[in-house]
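Only the coordinates and a few stated rules stand behind these numbers; no lab work does. Treat the numbers as computed from the prediction; the structure is a model and nothing was measured. A quick note on method: Cβ atoms are made from the backbone with ideal geometry, for glycine too, and the neighbour counts reach across all protein chains shown.
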Amino acid sequence: MLRESRLFVRSFLFAGASGLAFFVFPGAAAAQAQAGDGARAQDSGGLQEVVVTAQRRSENSQRVPLSIQTIDGQAIANAGYTNVTDLQYLAPGVQYDPTQGAAFQIRGVGTTSWDFSNAKSVNVVVDDVVMDGQRANGLTGMVDIARVDVLMGPQGTLFGKNSTSGVIAVSTNKPRLGVTALRASASYGEHNDRILNATVNLPLGQYAALRISGFDQAQDGFGRNVTLNRLVGSVHEYGGRAKLYFEPNAGFDVTISGDYAHHWDSSVRTPVSGQPTNVTAILNSLGVYPGPKNADTADSNYGAIETEEWGASARIHAKLGDYNLTSISAYRYTLYNNNTPASLTPIDKYAYIPFNYGHLFTEKVSQEFHLASPQERPIAWFLGLFYNRLEATQTQLQWATLGAPVYTNGVPISTLYALTGAIGKSGNTSLFHAVNETAAAFGQVQFNLSDRFRVAVGGRYTHDNVSQSLSYITVDPQQVAGFTPKFVATTAPPVFPYGSVKGDNFSVRVSPEFQITPTAMLYATVSTGYKPAGIAFVGNKYAPYRHETVKAYEVGLKSEWFNHRLRFNIDVFRSDFTDFQATILTQVPDGGGGFLLATAIGNAGGLRTQGVEATLAVRPTRSLSLSASGSYTDAWFTNYVYNPTTNYTNTRLPNSPDFSATAAVDYDHAISDGMKVKAHADYAYRSTYWTVVGQPDYSRVPGFGLVNARLSAVTADNKLEFGVFARNLFDTYFSTGWQLYGQLGLLHYTSPNARRTAGVFANVNF
């Protein structure tokens, strides 16, 4: 049934659009960012004005007293990246953790917990809808993107969901009235890298329009499962989005959106070091050599990660005289399946955890209201109400042999240790259920005291109700293991199988700004933020944790020079966190008298992140554009004593490099009346960082840089484009995560971007 539904979805997405989609950019789908009203024309010779909605109004980013990094759809297409998680290579100061938290970090700070009820420090917001479910990013394929705004620091006074570290706001292109248009694209490269994207815009009479986008992209892996003779690290994603826009008059409009995305990959953990001598010998005999560049595995099970995500929203906007009222209603569903074997060797030779599965699904509903006054008045204000309910259910299954073979001479083992089973309980699998409810009122008042001086004051009241329970169910081992063993439970059940916490908070933001010249602004911001307390279970241990707060300070300069040909922005920031919700490794019984390492949430007494961010953009000629941005971040625990023998004070935050930077060059020049040439190159760098709290040596990821490039010929009317591309031009290898799993040793994940991919592309635009 699931396979049939997927086939239907894929057929629907491409019935109208993909049939014509035979040309494409090497990456995301590519729709160019739409310029805001009053934007400077590109042919004026200056830099194009960047219009953002960081303060929930359309305004020039140079007049917004916030540190913002804006990436338009064309920049994403130029770089060739295909996933929202690749934004970390386009925005310095942004990092994505693919391991415990599977979440973004900004300025070194983010959610690193695997616990699915833990609120995110960085929220991804797509078309004003918060993607707050774990593993939910709302947009797997970067198709038809207008722009992405990365907002640094606490944002609770302006966005519905409180965010202590920042917001990644994705805006997709809206339907255009009276316009029939098609953009279709395709690319093919090394490693069977193939991408197909299409977007169609259709007018529906005078007052309505429909926009449909679809994508299908895949790449073969570069690691090898030696026992099954299959590639690991392969990726396949497909999905799409439909938006219906209705505007009967200038004072009323409705946008109804629906989206679907499916992701599958075989990116499993591979061995690095620390395995027992006998396991290492077996691996070597099979052609697997553990090391920092190893991408091979000998597991007899074929691990895979699969996610499905879909949702719908309705955005209603009405003019009430001079005021703007907006309602945003949304529903989202996410399914996540994880099968990541960790035995490292064939099941007939050696095994630790041969059966390791996780199943998570989330449902959320949200409602948000905004009422905004005209911006140009002496006192301008914005008010909002927000409600969000997220319900999550997770099944965890870990059945272990603790080193014994699963099969001996074709005979299966008679006993398995149920690491997710409890003594005295009949179930062999853990079942978690969580409900997170948030209600908030927020807003901001801006005092336009003069043409040069403005002060914004914002506030947010939040009420949270968080609950989680742990129970046990029986999973049929025949369907998982292929035989029916006897199960031995490993731990006692929790003393408290259920817990709930409630919390209230009031956060503030004060931001004065002074217009030094018509093109230079100095601003300062003082703000606070909050994350609710929660409940977690580590093994069978009931582990509540306290709420988290932050005080943030920022001073910045935004400026343009030489008739808008040069743009330079710089800011200095500092954020002090109290009771930061950090994740550490802790020991849980393995059922055989030993211990395995699991992640647990603990409150760090103090955390500080501080640094400098700067961006530079130059357009020396009409044909040439240059840009660069960089971030220095010093993020460390000022006070974190987890227990009498574990002290992480003065250690760096995980997944937080000191330095990160990007640079790009674009050249667009006519070579004849009907043809022009386009060239692009970009560079992304991040310095050394550690993936585990406490900076253990084994979790160190050396610094690396990635270069992407493309060269194409384009018709003068921009309807046809043909070219070549290269991602990771210099074939730089890197790992995205390092984890120590007791006797399993040190394991790591590789990235599809950790090798060179070159190919050809084309694009057609009608």
Please give the charge dipole size of segment 295-407, origin at the Cα centre, charges +1 on K and R Cβ atoms and -1 on D and E Cβ atoms. Round to the nearest 20 debye. 400 debye
Take the Cα gyration tensor of the chain, multiply each eigenvalue by 5, square-root it, and list the three semi-axes largest first, rounded to whole angstrom. 42, 31, 25
Theoretical gain in end-to-end length, residue 389 to residue 375 [0.36 nm per residue, Cα-Cα removed]: 1.8 nm
Report, largest value first, the span of the C-alpha coordinates of segment 624-766 along each principal axis, in whole Å. 75, 32, 27
When the Karplus curve 6.51 cos²θ - 1.76 cosθ + 1.60 is applied with θ = phi - 60°, which whole-Hz ³J(HN,Hα) does each residue of segment 732-746 get, with x for Gly and Pro? 7, 9, 7, 10, 9, x, 10, 9, 9, 10, x, 5, 6, x, 8
Could you tell me which residue out of 457, 749, 252 lies farthest along the dipole of the chain toward its positive end? Charges go on the beta carbon: Lys and Arg +1, Asp and Glu -1, centred on the Cα centre. 457
Rounded to 10°, Cα long-axis angle of helix 2-15 versus longest principal axis of the chain: 20 degrees
Spelling it out for residue 655: with amide H atoms placed in the peptide plane at 1.01 Å from N, the residues 5 or more places away or on another chain with amide H under 5 Å from its amide H are 690, 691, 692
Collect residues whose amide H, placed 1.01 Å from N in the peptide plane, falls under 5 Å from the amide H of residue 474; neighbours closer than 5 in sequence don't count. 428
Please work out the Cα center distance from segment 394-440 to segment 541-555, rounded to the nearest Å. 32 Å
Could you tell me which trypsin sites (Lys or Arg not before Pro) in segment 440-506 are loop residues by DSSP with no more than 14 other beta carbons within 10 angstrom of their beta carbon? 452
Which whole-number percent is the relative contact order of segment 2-765 (Cα, under 8 Å, 6+ apart)? 12 percent
Under the Karplus relation 6.51 cos²θ - 1.76 cosθ + 1.60, θ = phi - 60°, what is the ordered set of whole-Hz ³J(HN,Hα) values for segment 283-299, x standing for Gly and Pro? 4, 4, 5, 8, x, 10, 10, x, x, x, 10, 6, 10, 9, 9, 10, 4
For residue 347, residues with placed amide H under 5 Å, excluding near neighbours: 300
